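Report on one structure; see the data block that follows.
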Amino acid sequence: MFDDLSDLYQQVILDHCKKPRNFHEIPGATCSAHGHNPLCGDNLKLFLTIDGDRIQDAAFVGSGCCISKASASLLTESVKGRTREEARQTFDKVREMVTTGKVQDGVGKLAVFAGVYRFPARVKCAILAWHALVAALEDPGKSVTTEDEQT
Amino acid sequence: MSAIVNNPASSTRRGAASSSSTAGEVNWAELRKDFPILDQKIHGKPLIYFDNAATSQKPQAVLDALRHYYERDNANVHRGIHELSNRATAAYEAARARTAQFIHARSPEEIVFTRGTTEAINLVAHSWGMANLKSGDVILLTEMEHHSNLVPWQLIAQRTGARVVYVPLRSDENVLDLDRIDALLAGNVKFFSMVHISNSLGTVNPVADLCARARKRGIVTLVDGAQSAGHMPVDVQAIGCDFFAFSGHKICGPTGIGVLYGRQDLLDAMPPYQGGGEMILSVAYDHTEFKKAPHRFEAGTPDISGPVGLHAAMDYLDRIGRDRIWKHDQELAAYAQERLSALNGVRLFGPKTGRAGVVSFLLKDVHAHDVVMLADQAGIALRGGHHCTQPLMHKLGVESTARASFYFYNTREEVDRLVEVIREIQKFFAV
Ligand SMILES: Cc1ncc(COP(=O)(O)O)c(C=O)c1O
């Protein structure tokens, strides 16, 4: 019945939304930020532990739709061990991917979100956690909402 | 074919609802044919439109009225003396008179045309509120208000120093805690604004009783009828409210037109809301005299086709009979409630009995947004989100719900299909 949605709800995404990884707070995290989508009520908080320039640990809590939860879960896996700059670059690639469908090198598993661009209403869900990541890196403690951002 | 089966004389040209509403059974499925938009496929499946609380669809009779107005009668109102201007003015004022009749106002002078419910409430908040509220006064609302009956009052409270207080919800039943009303009204309440039917819960508030209690204490009342006006018979005199607001687009009319009913003496005493043409008697460089209500509140060229379309919508609804529409809505909602509550993993919101045609629900472990997206793939239009009632969602401990809201063109078969699709959605997300 939902075959046309299989591009969006890929198995990996379904798996991560049902069993989100790194789904907990990090007490004493180096930085954190809040992401909020006022349209559908998605609400998540991202925690990062940073040592020098490298992200040692990443985790999140909160609630949201399948796409936003899976996106946050895969984000935490993806940025662990990366430098700030690499994480920031990944954000750019993910944003490009979910708005145009173009998959660039180095996104790894995150390529499962390439289908999102065909569903404009869900782009905000996919990108929310990434906005929270950038906020945590650049302006810790900040709250970002999907309504302030272009996407 | 006539929708009113034992009245075969009814004309088909005017649509299936053209028979008198006083006798006969309505063939609801037949009425669907009056709505061209319903006859289409969405993602390859027949459209099931369950987002009527957001906006209703429009019957051919309304589309025809709009077209006729622009093809034959269009001109500005209350200005010219040429034939078209006369026709446009007559149509505009006829719509006002028809609206007065539709909600049983005492006279057409009690009907102000607005952009919608939201503007009607803002008009009262600004005009009545700024003139009558002062520091220490209380504006009483309920915990289930739509943002449009909440934010305007917060803004006016900030400007006047008045306080906003809420009648609480009984969490068990999602109905107002009526035991608390009198104590709350005994505070320094000046204005009591309440929703008639909650767009999130389907709760029907006992507005006549609430207004009677308020009136005893000289408190001015407003009823937000956005969800009631096109779904049940409404008599503002029987309700006993001072103001009543509703939107044309939710009752088969066009978008951009709404109605504020206000008791004549109150409207006459209220200062203008906006200034401009149409609302003046005479203007000098240093002074203006305003027209009486309702024209005082209709500055500038109004939406003219809107009232024309609304007129056709009100005629259409009353040919079916709002008593019948109400019964149909309630039966469908009760059926949906029964079928959905029989499923595992479905949480229903709203009252256990007597709900209007609004059913909000959540599936265990599936976000409302995903439910709505998958339902759409199956041709079913639902709404997911906070439904412009964020404080209420917060109170219920959720961030959003999925909502199916019905109108007379919806059928039990469509509810059955919804239940089937929800089962599929549960399977899709099964852990
Ligand atoms: C209960 C209630 N009040 C007010 C409104 C606002 O109506 P409108 O947006 O037409 O002004 C709505 C519609 O969404 C509603 O459901």
Check: Can you find even one residue in region B:128-138 that is in a loop (DSSP other than H, G, I, E, B), aliphatic (A, V, I, L, M) and either away from the ligand (no atom under 16 Å from the Cβ) or in the same structural domain as residue B:252 (by TED's automatic domain parsing) (or both)?
Finding: yes
Checklist line | Residues that are aliphatic (A, V, I, L, M), touching a residue at least 40 places away in the same chain (Cβ under 8 Å), within 12 Å of chain A (Cβ to nearest Cβ) and within 18 Å of residue A:4 (Cα to Cα), drawn from region B:355-404 | finding: B:371, B:374, B:375, B:378, B:380
Check: Out of the residues in region B:255-306 that are acidic (Asp, Glu) and touching a residue at least 12 places away in the same chain (Cβ under 8 Å), which is farthest from residue B:64 (Cα to Cα)?
Finding: B:268
Note to self: Quick check on region B:106-129. Is at least one of its residues over 30 Å from residue B:167 (Cα atoms) and among the polar types (S, T, N, Q)?
What the structure shows: yes
Notebook entry, point to check: Is there a residue in region B:76-85 that is part of a loop (DSSP other than H, G, I, E, B), modelled with pLDDT under 95 and hydrophobic (A, V, I, L, M, F, W, C)?
Noted result: yes
Check: How many residues are within 16 Å of the ligand (Cβ to nearest atom), in a loop (DSSP other than H, G, I, E, B) and closer than 16 Å to residue B:255 by Cβ when one looks only at region B:47-75?
Finding: 7
Check: Hey, any hits in region B:247-269 for a residue that's within 15 Å of the ligand (Cβ to nearest atom) and surrounded by fewer than 21 Cβ atoms within 10 Å (Cβ to Cβ)?
Finding: yes
Next item on the list: Go through region A:115-148 and give me each residue that's within 14 Å of another protein chain (Cβ to nearest Cβ) and in contact with a Ser or Thr (Cβ under 8 Å, 6 or more places away or on another chain).
Entry: A:123, A:124, A:125, A:126, A:128
Check: Given the residues A:55, A:26, which is the only one that is part of a loop (DSSP other than H, G, I, E, B), away from every other protein chain (no Cβ under 14 Å), modelled with pLDDT of 95 or more and over 16 Å from residue B:365 (Cα atoms)?
Finding: A:26
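The values are calculated or read from the model by the stated rules, or taken from the named source; none is laboratory data. Every value quoted in this text rests on a predicted model; they were computed, and no experiment measured them. Neighbour counts run over all protein chains shown; Cβ positions are idealised from the backbone, glycine included.
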